[in-house]
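First comes the structure, then the notes that go with it.
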Amino acid sequence: MRVIYLNFRVLKQSLLLALCFAVTAGLFTFATLRQPFAFPTAAQSAPIVYRVKTHEKVVALSFDISWGTRTPGPVLDILKKENLRCTFFLSGPWVRKYPEIAKRIATDGHEIGSHGYRHINLSQLPKDKIKEEIATAHQIIINVTGKEPRLIRTPNGDWDEKVVKAAQELGYTVIQWDVDSLDWKNPGVETIIRRVLKLVRPGTIVLMHASDSCRQTDEALPEVIAGLRQQGYKMVTVSELLDYGPGVLD
């Protein structure tokens, strides 16, 4: 009788262990399924890119444009003088309203990305409407510039899993930034310069603007460029930056 009792106790313990393992595995699977994205490995890019993981001293200056004609010209003149090619994220309505400036950006050799169509938070829309916004801007940019954008910076930098998946299904990579120049706040030329030069690191994507609401960008830009060069940084387009390593979320 004692042998049977011992076997029964061992059996009961085994069943309890098996049950605990099953519950733990189920919870892990459920938690994994709830994650919007798998954490990228060292060889993979994140589904949305804030910067690039690299030890090389490379940085991408990027410019959003959605309004006006005063600021783009001086910014383009500075970049041409400095022999730099950067990435411009253009909104569809702006490209359609000012085609000659958009064409100049392309002719000067800059990379053209999309800044969407309406300047609204795409995460508030259903997926089909998100795709419609992106596709509308996409076609306008192609028609005017002859360039097919493959990078998108969503309006207001707003995104969620649905937005990123919609963009990916249309062949886009979603690009954010890890250094915001704050030029959109017009905080002062020196503030813009100091902020960029202090926060930059290898693989940084800098957010700047060439819309008319940003009145200090063109004044700050020459010193930003000079300061980055003094620190030993090479300035490239966002697509070129992505060749240096995987995109990361931080």
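The values are calculated or read from the model by the stated rules, or taken from the named source; none is laboratory data. Values in this document were obtained by computation on a predicted structure and should not be read as measured data. Cβ: placed from backbone, ideal geometry, glycine included. Neighbour counts: every protein chain shown.
Computed quantities for the displayed model
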read-out	value
Selection from segment 123-142 of residues that are of a type in the set (A, V, I, L, M, F, W, C) and in a helix (DSSP H, G or I)	Ile130, Ile134, Ala135, Ala137, Ile140, Ile141, Ile142
Within segment 143-237, helices (runs of 4 or more DSSP H) holding 1 or more residues that are assigned by TED's automatic domain parsing to the domain that holds Leu90, in contact (Cβ under 8 Å) with a residue 60 or more places away in the chain and within 16 Å of Gly116 (Cβ to Cβ)	161-169
When residues of segment 196-237 are limited to those that are aliphatic (A, V, I, L, M) and under 15 Å from Glu56 (Cβ atoms), the one surrounded by the most Cβ atoms within 10 Å (Cβ to Cβ)	Ile205
Test result for Asp77, surrounded by fewer than 18 Cβ atoms within 10 Å (Cβ to Cβ), among the acidic types (Asp, Glu) and in contact with a Lys or Arg (Cβ under 8 Å, 6 or more places away or on another chain)	no
